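Engineer: There's a structure below that I have some questions on.
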Amino acid sequence: MRILLYIFIIISITSCSPKVFSEKWTQKTAPNHFKARFETTQGNFDIIANREWSPQGVDRLYQLIKSDFYTNVGLFRVIPEFVVQFGIHNDSILNNSWKKFKITDETVLQSNDSMTISFARDGINSRTTQIFINLKHNHRLDTVNYNGVKGFPVIAKITQGMENVHKFYSTKDNVPNQDSINKYGNDYLKRKYSKLDYIKRAYIIKK
């Protein structure tokens, strides 16, 4: 009985503990094309990623999805007729771990059309985990010079579930603070932004 009780306690502690980051996640190479599904509080949307558009960007997207990073992640920046942005995990340790493995900048090869997806970035070689969905043709994002970097390379496009993306709760007039999300996680979002939508999980769809 004592042995069984001990095993039960170990399993319980392990299942409740934060997911441990592995550097091996950052070394995965994506297929030339892959499909993925994002389950959200407003329904699903499916994407297809194209490695030719942004090899490092698509590799990183693949790495994040395969490691279950986009699980219970808040859609914290939803600006109608512009973008939906997300990619800050509830676990600050995971966020900070991924930030140590930034990917280098790449040339924009595919235009930021409506329902395409790109990585957010705030300077040179700064792409990590945050991505955004274009809610309209944002072609100025192809060439805009932002903090010393030109444009936002597209990594994927949504193929199904566009109508669900347009249902996400707008934070246009009150965008959550990113530092607070990183520090306090979903507890902060649920206390201050109770109507916010979430990515429940994301996973690769087999062909």
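The values are calculated or read from the model by the stated rules, or taken from the named source; none is laboratory data. Just so we're clear, the structure is a prediction, and the values are computed from it rather than from any experiment. Heads up, the Cβs are rebuilt from the backbone with ideal geometry, glycines too, and the neighbour counts pull from every protein chain shown.
Engineer: Out of the residues in the stretch 174-186 that are in contact (Cβ under 8 Å) with a residue 24 or more places away in the chain and out of contact with any Lys or Arg (no Cβ under 6 Å at 6 or more places or on another chain), which is surrounded by the most Cβ atoms within 10 Å (Cβ to Cβ)?
Structural biologist: First, pick out the residues of the stretch 174-186 that are in contact (Cβ under 8 Å) with a residue 24 or more places away in the chain: 175-176, 178, 181-183, 185-186.
Narrowing further to those that are out of contact with any Lys or Arg (no Cβ under 6 Å at 6 or more places or on another chain): 176, 178, 181-183, 185-186.
On the way: PRO176: 18, GLN178: 17, ILE181: 24, ASN182: 17, LYS183: 12, GLY185: 18, ASN186: 18.
So, considering only residues that are in contact (Cβ under 8 Å) with a residue 24 or more places away in the chain and out of contact with any Lys or Arg (no Cβ under 6 Å at 6 or more places or on another chain), the one surrounded by the most Cβ atoms within 10 Å (Cβ to Cβ) is ILE181.
Engineer: If we keep just the residues of the stretch 77-93 that are aliphatic (A, V, I, L, M) and surrounded by fewer than 19 Cβ atoms within 10 Å (Cβ to Cβ), which is nearest to ALA156 (Cα to Cα)?
Structural biologist: Let us first name the residues in the stretch 77-93 that are aliphatic (A, V, I, L, M), namely 78-79, 83-84, 88, 93.
Now restrict to residues that are surrounded by fewer than 19 Cβ atoms within 10 Å (Cβ to Cβ): 79, 93.
Working: ILE79: 20, ILE93: 27 Å.
Filtering first and then ranking leaves ILE79.
Engineer: Here's a follow-up. Does at least one position in the stretch 37-44 carry a residue that is among the aromatic types (Phe, Trp, Tyr), in a loop (DSSP other than H, G, I, E, B) and modelled with pLDDT of 95 or more? Even if it seems obvious, please write down each step before you answer.
Structural biologist: Looking only at the stretch 37-44, we keep the residues that are among the aromatic types (Phe, Trp, Tyr), and these are 38.
Of the ones still in play, those that are also in a loop (DSSP other than H, G, I, E, B) are none.
Looking through the stretch 37-44, none of the residues is among the aromatic types (Phe, Trp, Tyr), in a loop (DSSP other than H, G, I, E, B) and modelled with pLDDT of 95 or more.
Engineer: Please go through the stretch 70-107 and pick out each residue that is in contact with a helix residue (DSSP H, G or I) (Cβ under 7 Å, 6 or more places away or on another chain), closer than 22 Å to VAL165 by Cβ and not hydroxyl-bearing (Ser, Thr, Tyr). Reasoning before the result, please.
Structural biologist: Looking only at the stretch 70-107, we keep the residues that are in contact with a helix residue (DSSP H, G or I) (Cβ under 7 Å, 6 or more places away or on another chain), and these are 70, 72, 74, 76, 84, 88-90, 92, 95, 101, 103-104, 106.
Narrowing the set further to residues that are closer than 22 Å to VAL165 by Cβ leaves 70, 72, 74, 76, 84, 88-90.
Of everything in the stretch 70-107, those that are in contact with a helix residue (DSSP H, G or I) (Cβ under 7 Å, 6 or more places away or on another chain), closer than 22 Å to VAL165 by Cβ and not hydroxyl-bearing (Ser, Thr, Tyr) turn out to be ASN72, GLY74, PHE76, VAL84, ILE88, HIS89, ASN90.
Engineer: Would you be able to tell me the number of residues in the stretch 193-207 that are outside any loop (DSSP other than H, G, I, E, B) and surrounded by fewer than 18 Cβ atoms within 10 Å (Cβ to Cβ)? Reasoning before the result, please.
Structural biologist: So in the stretch 193-207, the residues outside any loop (DSSP other than H, G, I, E, B) come out as 198-205.
From what's left, surrounded by fewer than 18 Cβ atoms within 10 Å (Cβ to Cβ): 200-201, 203-205.
Of the residues in that region, 5 qualify.
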